[in-house]
Amino acid sequence: MSLIGIDVGSTGTKLTAYDQEGTALGSVYATHTPHHPFPGTWELDPEEVWVNTARGLTELATIESVKQNPPRVIAICASTREGFPVSAEGKPLGPCIMTADTRESGLEEYITSRYSPDSWYSFCGHMPERMDPVCRMLWWKTNHPNMMSKAKHFLGWGEFLALRLTGHAVVDRSHAGRFFVYDFKTHQWSDERLSEFEIDRNLLSEIKPWGTIVGTLKSDVAKEAGLKNNVELAVGATDVVCSVLGAGVSKVGTGCMISGSWENILLPVTLPPEASDLINIGVSIGPYPGAASWLICCLSPTGNATLNWIRGLVNAKLDEMESSLNVSSRGPGHVLASPHVSGALTPWMKGSRLRGALLGLTLATSSVDIVKAMMESIAYDTSCLISALRAAGARVDLLKGVGGGISSNWWTQLKADLTNTPIETVDQAELGTLGAALLAGKAAGFWDDVEKKAGECTRTKLRFEPDLKRATLYEERIEFYRSLIAEWLEKDWSRLID
């Protein structure tokens, strides 16, 4: 019997089947069509994501190695803080507004002012901001009240696919923890905050713990996909949680660097640092299905989404960039970039309205110079973040690097140098789907300890030791960058697009 992990990301959906030893039996992928109605927006069509998922299951079931190991349980790994209204029949009533979309409900400042920052962290581990799913819900309620009046559910990707696959809209604790109406003490929705902010509980999904079966796949779905009727769906987790699990990250002091569409640092901890230390660098905390039980989440939209955009803008081919970077100077280039084309979350407090910029351009500036500047500035953010985490008392002894951005040895080495932290890559290609499959296996009773099983499935591939001599070449540039961003945080960047 096999396990299937479904990973719904910003740019596509991947489905991978694994045997009980963690070996991939087959994988399929389908891209999403991005929509940008006007500057600062990013939407996806939920129906397209569902079609990609359903077709992916059908295609996966035809792979010979999967036929020989019929799927038993599925779990979903999905990007979080994205939601949309859905009818009682499970039909989307509008597009999904993505996390990097800059639209706000207009109520964020009022909501955050209702409680102190320390109180918010004690409630749900983060400050409400535009990407909080409840703020997204309020955006819909404010801008499309007629549509919201028809909604039976307000769902993210995991809940939406669960509803379409089994008829049950269920959310796990790591997803639910991104809602400001979640309660850390009960691991359920907070009656007090639901009432205070007039949130309809009926729109929210049922919260279930990890290791739980959501339900059996609907007969028509299973038949269409060519799966047996007893295939079940288990409670999954967010994409970052599944990636951390899949990477085999479990020890306190070892973090996970996810260099995907976003550039994220995740640290399992038994006790989070003081809330005030986390608030100042835009960091959040949330439930984690491992032994540590908590996860420090440092999430930034300045990852591969930014690099893909700038490479396309300057027509820099991906396969040519690495060789060009390897022969460039060991120190910083002559161009300095702000990579915050979708705003900033960490490590810059109140950085959501920052925007991208390039400084130092000359007639001699090449496309490589510009892309290098973007990669350097993302590494600067990472360096500033790690320094702030250590100052707050968090241990960061080692980072496990995963995601598409880790394939650039030049970039990964730079991050190791500037953070003074070893970075190890792992031999599993798709950690999100693997993490989901590990949770599926736990729900199926194949194993009790997900982290122990992950350690058996994942091995170190490459290790990047910090080069402190190279790091000294960047010290002045990083300080200049830090002071510049601090100054820009005082500016109202929204005036550029109003």
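The values are calculated or read from the model by the stated rules, or taken from the named source; none is laboratory data. Keep in mind the model is a prediction, meaning the values are calculated, not measured. Here Cβ is always computed from backbone atoms with ideal geometry, including for glycine, and neighbour counts include all displayed protein chains.
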Residue list for region 401-431, filter: assigned to a helix (DSSP H, G or I), hydrophobic (A, V, I, L, M, F, W, C) and at pLDDT 95 or above:
TRP410, TRP411, LEU414, ALA416, LEU418
The lone exception for GLU274 - which of (1) more than 25 Å from TYR474 (Cβ to Cβ); (2) touching a strand residue (DSSP E or B) at 6+ places or on another chain (Cβ under 6 Å); (3) surrounded by fewer than 21 Cβ atoms within 10 Å (Cβ to Cβ); (4) of a type outside the set (Gly, Ala, Ser) it fails
(2)
For region 6-37, which positions are under 16 Å from the mean Cα position of the chain (by Cα), among the small types (Gly, Ala, Ser) and assigned to a loop (DSSP other than H, G, I, E, B)?
GLY9, SER10
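With a cut-off of at least 2 residues that are in contact (Cβ under 8 Å) with a residue 40 or more places away in the chain and touching a strand residue (DSSP E or B) at 6+ places or on another chain (Cβ under 9 Å), name the helices (runs of 4 or more DSSP H) lying wholly within region 170-249. First the steps, then the outcome.
Values: elements: 173-176, 191-196, 219-225, 239-246.
So the answer is 173-176, 239-246.
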Of everything in region 83-114, what is modelled with pLDDT under 90 and of a type in the set (S, T, N, Q)? Give them in sequence order.
THR99, THR102, SER105
With respect to VAL235, is the statement that it is within 10 Å of the chain's Cα centre (by Cα) and either more than 21 Å from ASP381 (Cβ to Cβ) or in the same structural domain as GLY167 (by TED's automatic domain parsing) (or both) true?
no
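Run down ALA373, ALA391, ALA357 and say which single residue is in contact with a Ser or Thr (Cβ under 8 Å, 6 or more places away or on another chain) and either over 22 Å from LEU462 (Cα atoms) or modelled with pLDDT under 95 (or both).
On the way: ALA373 fails: in contact with a Ser or Thr (Cβ under 8 Å, 6 or more places away or on another chain); ALA391 fails: in contact with a Ser or Thr (Cβ under 8 Å, 6 or more places away or on another chain).
Only one candidate passes the filter, namely ALA357.
Scan region 50-85 for residues that are touching a strand residue (DSSP E or B) at 6+ places or on another chain (Cβ under 6 Å), closer than 30 Å to ASN146 by Cα and either part of a helix (DSSP H, G or I) or outside the structural domain of ALA17 (by TED's automatic domain parsing) (or both) and jot them down. Don't jump to the end; show me each part of the working.
Initially, region 50-85 is screened for residues touching a strand residue (DSSP E or B) at 6+ places or on another chain (Cβ under 6 Å), giving 52-53, 56, 59-60, 63, 65-66, 69, 71, 73-78, 80, 82-85.
So of that shortlist, the ones also closer than 30 Å to ASN146 by Cα come out as 52-53, 78, 80, 82-85.
Across region 50-85, the qualifying residues are ASN52, THR53.
Out of TYR121, TYR110, report the one residue that is hydroxyl-bearing (Ser, Thr, Tyr) and either surrounded by fewer than 21 Cβ atoms within 10 Å (Cβ to Cβ) or part of a loop (DSSP other than H, G, I, E, B) (or both). Lay out the reasoning, then the answer.
Working: TYR121 fails: either surrounded by fewer than 21 Cβ atoms within 10 Å (Cβ to Cβ) or part of a loop (DSSP other than H, G, I, E, B) (or both).
Going through TYR121, TYR110 in turn, the sole match is TYR110.
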Extreme residue, surrounded by the fewest Cβ atoms within 10 Å (Cβ to Cβ), among residues of region 436-476 that are farther than 20 Å from LEU398 by Cα and touching a strand residue (DSSP E or B) at 6+ places or on another chain (Cβ under 7 Å)
ALA444
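To keep it simple, each residue is scored yes or no on (1) among the hydrophobic types (A, V, I, L, M, F, W, C); (2) in contact with a helix residue (DSSP H, G or I) (Cβ under 9 Å, 6 or more places away or on another chain); (3) outside the structural domain of ALA234 (by TED's automatic domain parsing).
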residue: ARG390; (1), (2), (3): no, no, yes
residue: GLY403; (1), (2), (3): no, yes, yes
residue: GLN413; (1), (2), (3): no, yes, yes
residue: ASP417; (1), (2), (3): no, yes, yes
residue: ASN420; (1), (2), (3): no, yes, yes
residue: ALA440; (1), (2), (3): yes, no, yes
residue: VAL450; (1), (2), (3): yes, yes, yes
residue: GLU479; (1), (2), (3): no, no, yes
residue: LEU489; (1), (2), (3): yes, no, yes
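Could you pull out the residue among ALA364, ALA337, ALA394, ALA357 that is over 20 Å from the mean Cα position of the chain (by Cα), surrounded by fewer than 21 Cβ atoms within 10 Å (Cβ to Cβ), aliphatic (A, V, I, L, M) and closer than 27 Å to GLU129 by Cα?
Details: ALA364 fails: closer than 27 Å to GLU129 by Cα; ALA337 fails: surrounded by fewer than 21 Cβ atoms within 10 Å (Cβ to Cβ); ALA394 fails: surrounded by fewer than 21 Cβ atoms within 10 Å (Cβ to Cβ).
One residue alone meets the criteria, ALA357.
Step by step: first the residues of region 340-350, then only those that are over 22 Å from LYS372 (Cβ atoms) and out of contact with any strand residue (DSSP E or B) (no Cβ under 6 Å at 6 or more places or on another chain), then the one that is surrounded by the fewest Cβ atoms within 10 Å (Cβ to Cβ). Which residue is that?
Of all residues in region 340-350, those over 22 Å from LYS372 (Cβ atoms) come to 343, 345-346, 349-350.
Next cut, out of contact with any strand residue (DSSP E or B) (no Cβ under 6 Å at 6 or more places or on another chain) only: 343, 345, 349-350.
Values: GLY343: 23, LEU345: 29, MET349: 16, LYS350: 14.
Here the answer is LYS350.
Step by step: first the residues of region 477-487, then only those that are farther than 17 Å from GLY333 by Cβ and exposed (fewer than 14 other Cβ atoms within 10 Å of the Cβ), then the one that is nearest to the chain's Cα centre (by Cα). Which residue is that? It would help to see each step written out before you state the result.
Step one: of region 477-487, the residues farther than 17 Å from GLY333 by Cβ are 482-483, 485-487.
Then drop every residue that is not exposed (fewer than 14 other Cβ atoms within 10 Å of the Cβ), which leaves 483, 486-487.
Details: SER483: 28, ALA486: 25, GLU487: 28 Å.
Among those residues, the one meeting the criterion is ALA486.
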Return only the number of the condition from (1) among the hydroxyl-bearing types (Ser, Thr, Tyr); (2) buried (at least 20 other Cβ atoms within 10 Å of the Cβ); (3) in a helix (DSSP H, G or I) that SER323 does not satisfy.
(2)
Go through (1) in the same structural domain as LEU354 (by TED's automatic domain parsing); (2) aliphatic (A, V, I, L, M); (3) modelled with pLDDT of 95 or more; (4) closer than 30 Å to VAL171 by Cβ and name the single condition LEU398 misses.
(4)
Looking at this structure, is VAL335 touching a residue at least 60 places away in the same chain (Cβ under 8 Å) and not assigned by TED's automatic domain parsing to the domain that holds GLU109?
no
Would you mind telling me which numbered condition in (1) more than 20 Å from the chain's Cα centre (by Cα); (2) in the same structural domain as ASN308 (by TED's automatic domain parsing) LYS461 fails?
(2)
Would a scan of region 271-280 turn up a residue that is small (Gly, Ala, Ser), outside the structural domain of LYS208 (by TED's automatic domain parsing), closer than 27 Å to ARG173 by Cα and touching a helix residue (DSSP H, G or I) at 6+ places or on another chain (Cβ under 6 Å)?
yes
